[in-house]
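Structure, as structure tokens:
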Amino acid sequence: MGINLPKADLPRSLDIPQIYFRPPTADVPAYKPIFVPPSDLEAPEDVEKEQTSEQPEPPSLKIPVIDIQMPIPETAVVVTAVTTAVVAVATTSITQSLFEPIKKKVQKQLQAKVNKWKENQKKKKDSLEKSKTE
């Protein structure tokens, strides 16, 4: 007589696929070597030196009364200054015409409130004087 144990009817195990790990690869940066000449490098004796031309003197305007040479600015500087001035004047003119009506309305409302406050203060002062005299 032995022990009668029930037998378990288990399902088959799952077939899990194996994951293959590939190690990462890196792109190694490459560059072309740069040749840096030594600081004491000189031209060979048989090579002629290049003639450097001097910069022309900037244009200037002579003011005869006080005998001063006034330098004339470059064209790029003048164009930049004129453009900036035109934009500033145009912006100011446009914003002034847009905000002028708003300013007037706000000013009227504030003045009305100030007048009302002054009137209330005057009434309080008058009522205090009447109560003191009675």
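Some points to look at:
Conditions tested, residue by residue: (1) surrounded by 10 or more Cβ atoms within 10 Å (Cβ to Cβ); (2) hydrophobic (A, V, I, L, M, F, W, C); (3) more than 47 Å from the chain's Cα centre (by Cα); (4) not in a loop (DSSP other than H, G, I, E, B).
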| position | (1), (2), (3), (4) |
| --- | --- |
| Ser13 | no, no, yes, no |
| Ala30 | no, yes, no, no |
| Pro38 | no, no, no, no |
| Ala43 | no, yes, yes, no |
| Ile66 | no, yes, no, no |
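- Condition check for Thr92: under 34 Å from the mean Cα position of the chain (by Cα), within 30 Å of Leu61 (Cβ to Cβ) and either of a type in the set (S, T, N, Q) or exposed (fewer than 10 other Cβ atoms within 10 Å of the Cβ) (or both): no
- Some residue of region 47-55 being out of contact with any helix residue (DSSP H, G or I) (no Cβ under 6 Å at 6 or more places or on another chain), exposed (fewer than 10 other Cβ atoms within 10 Å of the Cβ) and modelled with pLDDT of 85 or more: no
The values are calculated or read from the model by the stated rules, or taken from the named source; none is laboratory data. Quantities reported herein were computed from a predicted structural model and do not represent experimental measurements. Backbone-built Cβ (ideal geometry, glycine too); neighbour counts: all protein chains shown.
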